[in-house]
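Asker: Below is one structure. I have some questions about it.
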Amino acid sequence: MPKMKTSRAAAKRFKVTGTGKLKRFKAYKSHILTKKSPKRKRNLRKSAIVDCTNVKNMKKILPYL
């Protein structure tokens, strides 16, 4: 059986934490920032954990992560 390929787009966007959870960065922080409040932009800076409903699919496209 051939090797599985990692989705390079996903590999650049997700990291694995020490406990094995997937860490992601929040969306809506790249442009049109003038209408967003400083508090909202500050909260978008923080990373988040991938929701449990998506983890199965993420592990499939990131087999060696």
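The values are calculated or read from the model by the stated rules, or taken from the named source; none is laboratory data. Since the model is a prediction, treat every value here as computed from it, not as a measurement. No Cβ is skipped: glycine too gets one built from the backbone with ideal geometry, and neighbour counts run over all protein chains shown. Only protein heavy atoms, including side chains, enter the accessible area calculation; ligands, DNA and RNA are left aside. Shrake-Rupley method; radii C 1.70, N 1.55, O 1.52, S 1.80 Å.
Asker: Percent of Cα-Cα pairs per 5 Å bin, from 0 to the last occupied bin, for the chain, please list those.
Answerer: Pairs per bin, as whole percents: 3, 15, 23, 19, 14, 13, 8, 3, 1, 1, 0.
Asker: What part of the accessible area of the chain, given as a whole %, is carbon or sulfur when the probe is 1.4 angstrom?
Answerer: The nonpolar share, carbon plus sulfur, comes to 57 percent.
Asker: Skip the ligands, DNA and RNA, and give the accessible area per residue of the chain with a 1.4 Å probe, whole Å².
Answerer: I get 88 Å² per residue for the chain.
Asker: Multiplying the sequence separation of residue 45 and residue 64 by 0.36 nm and subtracting their Cα-Cα distance, what value in nm do you get?
Answerer: Gain on extension, residue 45 to residue 64, equals 4.2 nm.
Asker: Chymotrypsin sites (Phe, Trp or Tyr not before Pro) within the chain: which are DSSP loop residues with at most 14 other Cβ atoms inside 10 Å?
Answerer: Answer by residue number: 28, 64.
Asker: Picking from 33, 22, 44, which is most flexible by a Gaussian network model of the chain using Cα springs under 10 Å?
Answerer: 33
Asker: Can you give the FRET efficiency to the nearest 0.05 for residue 53 and residue 5, using r as the Cβ-Cβ distance and R₀ = 25 Å?
Answerer: The pair residue 53/residue 5 has a calculated efficiency of 0.55.
Asker: Further question: Summing -39500 (n - 2.57) over the DSSP H runs of n ≥ 4 in the chain and dividing by its residue number, what mean residue ellipticity at 222 nm do you reach, to the nearest 500 deg cm²/dmol?
Answerer: Calculated mean residue ellipticity at 222 nm is -10000 deg cm²/dmol.
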